[in-house]
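Colleague: Okay, here's the structure, questions in a sec.
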Amino acid sequence: GLSATVSGLSAGTTYYYRVRAVRPGFTSPSSTTMTGLTLPSAPTVPNATGVTFSTFTANWIASPGATSYLLDVSTNSNFTSFVSGYQNLPVSTGVTKLVTGLSGGTTHYFRVRAANASGNSSYSATAFLTTISGAPVATAATQAQDFQFTANWNAVSSATEYRLDVWPSAGSSASPLFNYNDLAVSGTTKIVYGLSGGTSYTYRVRAVNAGGTSINSNEITVLTLPAKPAVADATN
């Protein structure tokens, strides 16, 4: 025949070949030398880094023989739709790409192919991450007494828990009360107790999900009721 499959080669490598014709009692001189470049292997994809509310950095390990890469980003694992601008996005240099314009608290999937002059590799494995949730909205405190109040905030759909800070309003937000410094809370309310009567306190909250911790919410200030007066014995 006039063709032969050459196997057992390395990915992303240039090979040279030549041919001679044979007939009984005669072998021709070698043909001119031709080249063949194998496709690069699929990149290896480690975890994303630099995850924020709306961005992350996609990373991959260089494939030998690759001259560029193609990046896909989707919000579904089967890549039936793509984040705008991230379908077969060419990355001509380096092995990282900052992905922007995302929605907070959302799981994103990405995959990469390596490319060279012969074409594109198969897809890498799919990596995924969850962008950080948006900040909760703290709402007015309720059930204020002389020694406690209830802190409240709105739910964030992707949050798995919240972190609460409380401090005296006359103090600094950098110095929350010992028991209310980055306190983990599973719901959207928390009774804050052990306080002083007639004192102003401020609280804020953050949402937590698989991507990390959100920025701080707005701050809410609440005034506890005055302490109950002590009653002395009656006198004449």
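Colleague: With the requirement that a residue be touching a residue at least 60 places away in the same chain (Cβ under 8 Å) and open to solvent by 90 Å² or more (accessible area, probe 1.4 Å), what does the stretch 1-31 give you?
Modeller: none
Colleague: Looking only at the stretch 166-176, decide whether some residue is touching a Phe, Trp or Tyr at 6+ places or on another chain (Cβ under 9 Å), hydrophobic (A, V, I, L, M, F, W, C) and open to solvent by 60 Å² or more (accessible area, probe 1.4 Å).
Modeller: There is at least one residue in the stretch 166-176 that is touching a Phe, Trp or Tyr at 6+ places or on another chain (Cβ under 9 Å), hydrophobic (A, V, I, L, M, F, W, C) and open to solvent by 60 Å² or more (accessible area, probe 1.4 Å).
Colleague: Could you identify the single residue in Thr44, Thr32, Thr80, Thr93 that is at pLDDT below 95 and β-branched (Val, Ile, Thr)?
Modeller: Thr93
Colleague: In the stretch 225-236, what residues are of a type in the set (D, E, K, R) and touching a residue at least 12 places away in the same chain (Cβ under 8 Å)?
Modeller: The answer is Lys228, and nothing else.
Colleague: Within the stretch 150-162, is even one residue of a type in the set (Phe, Trp, Tyr) and more than 25 Å from Gly105 (Cβ to Cβ)?
Modeller: Looking through the stretch 150-162, none of the residues is of a type in the set (Phe, Trp, Tyr) and more than 25 Å from Gly105 (Cβ to Cβ).
Colleague: Related question: Could you name every one of the strands (runs of 3 or more DSSP E) located completely within the stretch 1-81 that has at least 1 residues being over 25 Å from Phe110 (Cα atoms)?
Modeller: 14-17, 34-37
Colleague: Could you say whether any residue in the stretch 32-40 is of a type outside the set (Val, Ile, Thr), more than 27 Å from Tyr123 (Cα to Cα) and loosely packed, with under 15 Cβ neighbours inside 10 Å?
Modeller: Within the stretch 32-40 (the criterion being of a type outside the set (Val, Ile, Thr), more than 27 Å from Tyr123 (Cα to Cα) and loosely packed, with under 15 Cβ neighbours inside 10 Å), the answer is yes, since at least one residue qualifies.
Colleague: Related question: For Asn47, work out the one condition from (1) closer than 20 Å to Val91 by Cα; (2) polar (S, T, N, Q); (3) touching a strand residue (DSSP E or B) at 6+ places or on another chain (Cβ under 6 Å) it doesn't fulfil.
Modeller: (3)
Colleague: Of all residues being among the β-branched types (Val, Ile, Thr) and surrounded by 12 or more Cβ atoms within 10 Å (Cβ to Cβ) in the stretch 62-87, which is farthest from the chain's Cα centre (by Cα)? Just the residue, please.
Modeller: Among those that are among the β-branched types (Val, Ile, Thr) and surrounded by 12 or more Cβ atoms within 10 Å (Cβ to Cβ), it is Thr67.
Colleague: Further, regarding this structure: Would you point out the residue of the stretch 93-136, among those that are among the aromatic types (Phe, Trp, Tyr) and more than 13 Å from Leu70 (Cα to Cα), that is most open to solvent (accessible area, probe 1.4 Å)?
Modeller: Phe128
One line per residue, one yes/no per condition, for (1) loosely packed, with under 12 Cβ neighbours inside 10 Å; (2) under 32 Å from the mean Cα position of the chain (by Cα):
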{"residue": "Thr199", "(1), (2)": "no, no"}
{"residue": "Arg206", "(1), (2)": "no, yes"}
{"residue": "Asn209", "(1), (2)": "no, yes"}
{"residue": "Ile215", "(1), (2)": "no, yes"}
{"residue": "Thr221", "(1), (2)": "yes, no"}
{"residue": "Ala227", "(1), (2)": "no, no"}
{"residue": "Val231", "(1), (2)": "yes, no"}
{"residue": "Thr235", "(1), (2)": "yes, no"}
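Colleague: Quick check on the stretch 183-236: of everything there that is among the hydroxyl-bearing types (Ser, Thr, Tyr) and not in a strand (DSSP E or B), which residue is modelled with the lowest pLDDT?
Modeller: Restricting to residues being among the hydroxyl-bearing types (Ser, Thr, Tyr) and not in a strand (DSSP E or B), the top hit is Thr235.
Colleague: Right, next: Among the numbered criteria (1) open to solvent by less than 30 Å² (accessible area, probe 1.4 Å); (2) within 30 Å of Leu71 (Cβ to Cβ); (3) outside any loop (DSSP other than H, G, I, E, B), which single criterion is violated by Phe149?
Modeller: (2)
Colleague: For the list (1) free of Cβ contacts under 8 Å to residues at least 40 places away in the same chain; (2) in contact with a Phe, Trp or Tyr (Cβ under 6 Å, 6 or more places away or on another chain); (3) not basic (Lys, Arg), I need the number of the one condition that Val222 fails.
Modeller: Answer for Val222: the failing condition is (1).
The values are calculated or read from the model by the stated rules, or taken from the named source; none is laboratory data. Model, not experiment: these values are computed from the prediction. Note that we place each Cβ from the backbone using ideal geometry, even for glycine, and neighbour counts take in every protein chain shown. These area figures cover heavy atoms from the full protein model, side chains too; ligands, DNA and RNA do not enter into them. Shrake-Rupley method; radii C 1.70, N 1.55, O 1.52, S 1.80 Å.
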